[in-house]
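The structure appears below as C-alpha cells.
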Amino acid sequence: MDKMPRWADVVLVPLINLTLAFIAAGLVVLAIGQNPFDMVFFVIKGALGSTTGIGYTLYYATNFIFTGLAFSVAMHARHFNIGAEGQAIAGGVGAAIVLLAVPWPHWTLALPAAILGASVFGAGWAAIPAYLQARRGSHVVITTIMFNFIAAAIIGFLLNGVLKDPNTQNAETRHFGQGAHLPTFEEIFAPFGDGLFKSAPVNVSFFLALIMAFLVWVLIWRTRLGYQIRAFGSSHTASAYAGISAFRVTIYSMLISGALAGMLSLNVVMGEQERLIKEFVEGAGFMGIAVGLMGRNHPFGIVLAAILFGILNQGGFELLWEMPGISREMVLVIQALIIIFTGALVHMTRDPLERFFIRMRKKRA
Amino acid sequence: MAEGGKQGRRETAAPAIELKGISKAFGPVQANRDISISVNKGAIHGIVGENGAGKSTLMSILYGFYKADAGDIFVNGTLTVIPDSQAAIAAGIGMVHQHFKLVENFSVLENVILGAEDGAMLKPSLAKARSHLLDLAREYELEVDPDELIENLSVGHQQRVEILKALYRHADILILDEPTGVLTPSEADHLFRILRNLRDQGKTIILITHKLREIMDATDTVSVMRQGEMTATVKTADTSPPELAELMVGRKVLLRVDKKPATPGDVRLRVRDLKVRDDAGVERIKGISFDVRAGEILGIAGVAGNGQSELLEVLGGITPASGFVEVHGNEIDLSGRSSDGQSRRARGIAHVPEDRQTLGLIMDFMAWENACFGYHHDPQFQQNTLLMDNAAILRDTEAKMKNFDIRPPNSGLQAQNFSGGNQQKIVLAREIERNPDILLVGQPTRGVDIGAIEFIHQQIVELRDAGKAILLVSVELDEILSLSDRVAVMFDGRLMGERTTSETDVKELGLLMAGVVGEAA
C-alpha cells in the first residue's frame, strides 16, 4: 500500500548502503593509522584509472555476473543456491574436457562447445541437490554447500590424475591450444589505439555474460517457465492450486542456476588461464550471493552490482601496491564490510528510508 | 446520549469509553475520519461496517496497536493515552481477537497467566490463578477445565479462554472482533448468553461484526461505519437489518438473492466414498458421496475445519485422495502424478478457493499476472512456444476488470494492494469467465463487503442458470441458504444429511452442524 518511489528503492538505498560501507571501512583504515581518503582514491584509481584497470574490473565483473545470475534464478524460485562455487568448478571441468578432447581450429567453434560443456557440467552438479530437494526435501542450502567441498576435492583428484599435464609438476591440465584462445579486449580494441586494455584478462566472455543477463531477463519475465518459477517462489500453496509442479520448477531453476555458475569457467579457465587449474573460482561463487542480493535479483541490477564488486576487487588489489600499510587481510576486511552493508543489511537502511518517504508524502498532502 | 439513559440501571456515570474526533490515515487512505462515539457502562455496543470501513483500525487504536493522528480517548471519563496494549490492559480494556492468540500445547491455566505472571517462579501464580479462574468461571458461566490443553478444546471453549484471559487481567471493557466466525449457531448463542451475563455484571462489551443478525440479537446500541466514518449510532431496538445494511453500504441492498427455481439436468460431478488423509495420517474426510447436477447449486454447510476445505482441495487437484470421482461420466485420477490443478482445469473444473490470499492469488504478482494464473498454459496466452503473450493477457485482464467492476481498474497493481472484495473478484473473474462445466466455490464472500457480496452472488446464480454445476462451500449459513438449491452438512469428515433448501432452516442445519443427527426430518 505505502511504498517509497521506485528510484529510491533501486538507486538511493544501494547508494546509502555503499556510503555507510565506506564510512565503516574508513574507520577501520583510520584505526590502523592510514588515510581513508587515500584508500578511496586508490581503489577508484586502481579500478577505473586506466584501461588496464578497467579491463581487470570487467574481468572480475564477468565472473560476478555469471554467479549473480546463477544465484538469482534459483532465488526467484526461493531456492537459496549457495553452491555456485562448486557448480563453477564442475563447469570448469566440463569446459576443459571439451577443449582438451578436440584440437579446435578457431575460438568461434570452441566457445559454443565450451559453453555446452561448462553449462552441462555446472547444471549436472546442481542436479543432485535439486533432486534431493524436490523429491526428498533435503534443503539446498545444506546440500549445495556440501557439494562445494566435494567439487573442490574432485577437481584436485582429477588434476592430480587423469587430467594432469604430465609435463609439469603443477596440478593443472595442458594448455588448451591456440584454437581455443578467446580474443581479449586488448586484441579486440587494438584497431582503436595502442595499449588499450593492455595485458588485462577481460575477454569476449564479458559479452557472453551480458547476453546471459538479457536471456535471464527474458526467461524470468517473458517465458512460461519464468512465470512458474516466480509464482512458485512467491507462494508454494498457490502454485499447488494452479497445478504448477514443484518438482519441475525446482529442478529447472536449479539446473539453469548451475549452468550459469558453470559458465564462469569460460571467463577464467578458457579466457584467462587457457588451462584448467585448481583454484580458479576464488570465492566468486559466494560473491554472487552478494551481487544477486544487491542487484535485487534483477539482471540489470546484477550487472551493475557485478561491476561495482569488480571495482572493489580490482581496486582492492591495487591498494596493496599503493598503500603498503594496508595488508591483503585488510583489503578482505574492507570488501567484507561492503558486502555486509550492501547485501546483508539492506533492510537496515531501507525501512527507515521508507518511513521517511511516507512521512514526507503525508506532510505534503 | 452521554448519559446511560437506556439502561436505566446506571447512575449518571461517565461513559465507559468515549472517543472524540479520532482520525487515522495510512498513507493516502483515511482509515478513520473524525470518529466520535460513546459507549455506556454495562452495555453491549455493536460496531458494524463493511470490510475496510475502519472498524478494526478504530479498535486497534483503542487497544494501543496504532496511534491516532488526532483525537482523544476517554476511559470512564478520564482522558487516557494508550500507547500500547499494556496500557490498554491497565486501563481495563481487554480484547478477544478474531484469530485466537493462545499457545496450543499449554494448558488453559498457563495460557491465562501468560504475560501476567507475578515473579519468576510459576507455581504461586498458577495457584492464585486457579482459584481466581474458578471464581470467574462460576460468576459468568465460563466453565472450562483449567488443566486441559488448548489443542484439546473446541473452538468455542478456546474463545472462552480468551475471554477469561481478559477478565483475569481485570478488564471492564471487552472488545470482541468478529467472535462468531468460527462458531456453530448454538455456540454463538451460548457466547451471546455469556456476553449478556457479563453485561449484567456491569462489564461493557464492544462487539465488532459484519453479521447483522448478531447485531440484532445481541446488542443494545449499534454504530455503523462506512469508509472510515461513523455514519450512525442507534438503539438496536429502533432499527432493522435492511436499514443497517443501507447505512453500511450507502444504498439499498438486496439481502436475499433473487433467483428462479433450479432446473437440474444430468449429473456432472459424481463423488463416491471419498476419503482423505492429511500429512499426519489423520482421516479428514471419512467416505462421503454426493452428486452435483448441471444447473444446480449444492451447498456444503458446516463449521470450519470439518473437512470442507479438504473436499475442495481434492476436487481442485491440490491434495490426493482415495475413492471415486466422476466428471461427465469419466472417472478422474485422484492420486498419482497426473492429478493436479492443470488436469482438473482440462476437465472443465474451475475452482475459486476458500483462501484467495494463500491459494487463489500470488499476492505480489500484478493483477494481470494473476488473471491468467492456472491458465498460463492456455494457447491464447502464448506468443509462441517460448514466450508468453503478455499483451494478450493484459487485454484479457482489462476486459475482466471491466466485466467484474474491479477497482481500481489498474491491471498493473499488485494483488495485495486490492481490497479483499476486489481480490475475490479477480479470482472469480478468472474462474467464471472460463465458462467452466463445474465450478467449485469456497467461502465466496469471506471478507468481502456487502456491495460486492450481492454482485458475487448474482454471478454464481447466473452461472447456474447457464446450466453449470456448482459446488458451494461456505461457513455462512445465510449464504448457503440463500444461494443453494440443495444443502448438505459436513461434520467431522462426514456428510450429515442432505436437505432441499426450501424445506430446511437455520435451526435444523445448526443441529446437523453440531453433529446431532436430525430426528428423521
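The values are calculated or read from the model by the stated rules, or taken from the named source; none is laboratory data. Source: prediction; values computed, not measured. All Cβ positions, glycine included, derive from the backbone under ideal geometry; neighbour counts span all protein chains shown.
Do you know which residues across the stretch B:13-32 are within 14 Å of chain A (Cβ to nearest Cβ) and among the basic types (Lys, Arg)? Quick ask: steps written out before the conclusion?
Filtering the stretch B:13-32 for residues within 14 Å of chain A (Cβ to nearest Cβ) gives B:23-31.
Listed by number, the list holds a single entry, B:24.
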Checklist entry - Within the stretch B:466-504, which residues are of a type in the set (D, E, K, R) and either surrounded by 18 or more Cβ atoms within 10 Å (Cβ to Cβ) or in contact (Cβ under 8 Å) with a residue 12 or more places away in the chain (or both)? => result B:468, B:476, B:478, B:479, B:485, B:486, B:492, B:494, B:498, B:499
Item to check | Qualifying residue in the stretch B:38-56 (condition: among the acidic types (Asp, Glu), assigned to a loop (DSSP other than H, G, I, E, B), buried (at least 18 other Cβ atoms within 10 Å of the Cβ) and within 26 Å of the chain's Cα centre (by Cα)) | outcome: yes
Next on the checklist: hydroxyl-bearing (Ser, Thr, Tyr), crowded, with 19+ Cβ neighbours inside 10 Å and either assigned to a helix (DSSP H, G or I) or touching a residue at least 24 places away in the same chain (Cβ under 8 Å) (or both): which single residue out of A:108, A:144 fits that description?
Outcome noted: A:144
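When only residues in the stretch A:310-325 that are among the hydrophobic types (A, V, I, L, M, F, W, C) and crowded, with 22+ Cβ neighbours inside 10 Å count, which is modelled with the highest pLDDT?
Here is the first cut: in the stretch A:310-325, the ones among the hydrophobic types (A, V, I, L, M, F, W, C) are A:311-312, A:317, A:319-321, A:323.
Then drop every residue that is not crowded, with 22+ Cβ neighbours inside 10 Å, which leaves A:311-312, A:319.
Working: A:311: 92, A:312: 89, A:319: 87.
Taking the candidates together, the pick is A:311.
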Next on the checklist: Where the second residue is in a strand (DSSP E or B) and among the basic types (Lys, Arg) and the first is in contact (Cβ under 8 Å) with a residue 60 or more places away in the chain and lies in the stretch B:204-233, which pairs have Cβ atoms under 6 Å and are six or more apart or on separate chains?
Outcome noted: B:221/B:235; B:228/B:33; B:229/B:33
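Only one of these is part of a strand (DSSP E or B), more than 25 Å from residue B:182 (Cα to Cα) and more than 14 Å from chain A (Cβ to nearest Cβ): B:270, B:284. Name it. Reasoning before the result, please.
On the way: B:284 fails: more than 25 Å from residue B:182 (Cα to Cα).
The unique qualifying residue is B:270.
Could you please let me know if residue A:153 is among the small types (Gly, Ala, Ser), part of a helix (DSSP H, G or I) and surrounded by fewer than 17 Cβ atoms within 10 Å (Cβ to Cβ)?
Spelling it out, residue A:153 is indeed among the small types (Gly, Ala, Ser), part of a helix (DSSP H, G or I) and surrounded by fewer than 17 Cβ atoms within 10 Å (Cβ to Cβ).
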Next on the checklist: I'd like to know if the stretch A:91-103 contains one or more residues that are at pLDDT below 95 and in a loop (DSSP other than H, G, I, E, B).
Outcome noted: yes
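Conditions tested, residue by residue: (1) in the same structural domain as residue B:18 (by TED's automatic domain parsing); (2) in contact (Cβ under 8 Å) with a residue 12 or more places away in the chain; (3) not hydrophobic (A, V, I, L, M, F, W, C).
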| site | (1), (2), (3) |
| --- | --- |
| B:142 | no, yes, no |
| B:182 | yes, yes, no |
| B:190 | yes, yes, yes |
| B:200 | yes, yes, yes |
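Tell me, please, whether a residue that is farther than 30 Å from residue A:190 by Cβ and either at pLDDT below 90 or surrounded by fewer than 18 Cβ atoms within 10 Å (Cβ to Cβ) (or both) can be found in the stretch A:41-50. Before you say what the answer is, go through the steps one by one.
Narrowing the stretch A:41-50 to residues farther than 30 Å from residue A:190 by Cβ: A:41.
Keeping just the survivors that are either at pLDDT below 90 or surrounded by fewer than 18 Cβ atoms within 10 Å (Cβ to Cβ) (or both) gives A:41.
Yes.
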Item to check | Failed item in (1) assigned by TED's automatic domain parsing to the domain that holds residue B:348; (2) touching a helix residue (DSSP H, G or I) at 6+ places or on another chain (Cβ under 9 Å), with residue B:466 passing the rest | outcome: (2)
Item to check | Tally, over the stretch B:337-378, of residues that are surrounded by fewer than 24 Cβ atoms within 10 Å (Cβ to Cβ), more than 9 Å from chain A (Cβ to nearest Cβ) and under 25 Å from residue B:422 (Cα atoms) | outcome: 5
Item to check | Among (1) more than 29 Å from residue B:77 (Cα to Cα); (2) free of Cβ contacts under 8 Å to residues at least 60 places away in the same chain - the single one residue B:186 does not satisfy | outcome: (2)
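Would you confirm whether or not the stretch A:332-355 contains a residue that is within 14 Å of chain B (Cβ to nearest Cβ) and touching a residue at least 40 places away in the same chain (Cβ under 8 Å)? Even if it seems obvious, please write down each step before you answer.
Step one: list which residues in the stretch A:332-355 are within 14 Å of chain B (Cβ to nearest Cβ), which gives A:354-355.
In the following step, the residues that additionally are touching a residue at least 40 places away in the same chain (Cβ under 8 Å) were identified as A:354.
Yes, the stretch A:332-355 contains at least one residue that is within 14 Å of chain B (Cβ to nearest Cβ) and touching a residue at least 40 places away in the same chain (Cβ under 8 Å).
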Checklist entry - Are there any pairs, at least 6 apart or on different chains, whose C-beta atoms fall under 7 Å, with the first in the stretch A:274-296 and under 12 Å from residue A:339 (Cα atoms) and the second among the acidic types (Asp, Glu) and surrounded by 17 or more Cβ atoms within 10 Å (Cβ to Cβ), and if so, which? => result A:286/A:85
Checklist outcome for this item: When (1) in a loop (DSSP other than H, G, I, E, B); (2) in contact with an Asp or Glu (Cβ under 9 Å, 6 or more places away or on another chain); (3) of a type outside the set (Val, Ile, Thr); (4) away from chain A (no Cβ under 14 Å) are applied to residue B:289, the one that fails is (1)
Next on the checklist: Suppose we filter B:449, B:478, B:405 for residues that are within 30 Å of residue B:271 (Cβ to Cβ) and acidic (Asp, Glu); which single one remains?
Outcome noted: B:478
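Could you tell me whether any residue of the stretch B:103-113 is at positive phi and touching a helix residue (DSSP H, G or I) at 6+ places or on another chain (Cβ under 8 Å)? Step through it out loud before you land on a result.
First pass over the stretch B:103-113, keeping only residues at positive phi: none.
Among the residues of the stretch B:103-113, not one is at positive phi and touching a helix residue (DSSP H, G or I) at 6+ places or on another chain (Cβ under 8 Å), which makes the answer no.
Please verify whether the stretch A:174-195 includes one or more residues that are among the small types (Gly, Ala, Ser), over 30 Å from residue A:58 (Cβ atoms) and touching a helix residue (DSSP H, G or I) at 6+ places or on another chain (Cβ under 9 Å).
Here is the first cut: in the stretch A:174-195, the ones among the small types (Gly, Ala, Ser) are A:177, A:179-180, A:190, A:193, A:195.
Next, only the ones that are over 30 Å from residue A:58 (Cβ atoms) stay: none.
No, the stretch A:174-195 contains no residue that is among the small types (Gly, Ala, Ser), over 30 Å from residue A:58 (Cβ atoms) and touching a helix residue (DSSP H, G or I) at 6+ places or on another chain (Cβ under 9 Å).
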Next on the checklist: Looking at A:231, A:190, A:246, can you tell me which residue is closer than 29 Å to residue A:129 by Cβ and surrounded by fewer than 22 Cβ atoms within 10 Å (Cβ to Cβ)?
Outcome noted: A:246
Checklist entry - Out of (1) in contact with a strand residue (DSSP E or B) (Cβ under 7 Å, 6 or more places away or on another chain); (2) away from every other protein chain (no Cβ under 12 Å), the odd one out for residue B:329 is which? => result (1)
Item to check | Where residue A:329 falls short, out of the listed (1) under 15 Å from residue A:36 (Cα atoms); (2) in a helix (DSSP H, G or I) | outcome: (1)
Checklist entry - If you scan the stretch B:379-426, which residues turn out to be within 11 Å of chain A (Cβ to nearest Cβ) and in contact with a strand residue (DSSP E or B) (Cβ under 9 Å, 6 or more places away or on another chain)? => result B:381, B:382, B:386, B:387, B:388, B:389, B:413, B:414, B:415
Item to check | Single unsatisfied condition, residue A:138 versus (1) in a helix (DSSP H, G or I); (2) surrounded by fewer than 19 Cβ atoms within 10 Å (Cβ to Cβ); (3) hydroxyl-bearing (Ser, Thr, Tyr) | outcome: (1)
Next on the checklist: Please determine whether any residue of the stretch B:121-129 is modelled with pLDDT under 90, surrounded by 14 or more Cβ atoms within 10 Å (Cβ to Cβ) and within 19 Å of residue B:192 (Cβ to Cβ).
Outcome noted: no
Next on the checklist: For the stretch B:70-183, give me every one of the helices (runs of 4 or more DSSP H) that falls completely inside it and has 3 or more residues that are of a type in the set (Phe, Trp, Tyr).
Outcome noted: none
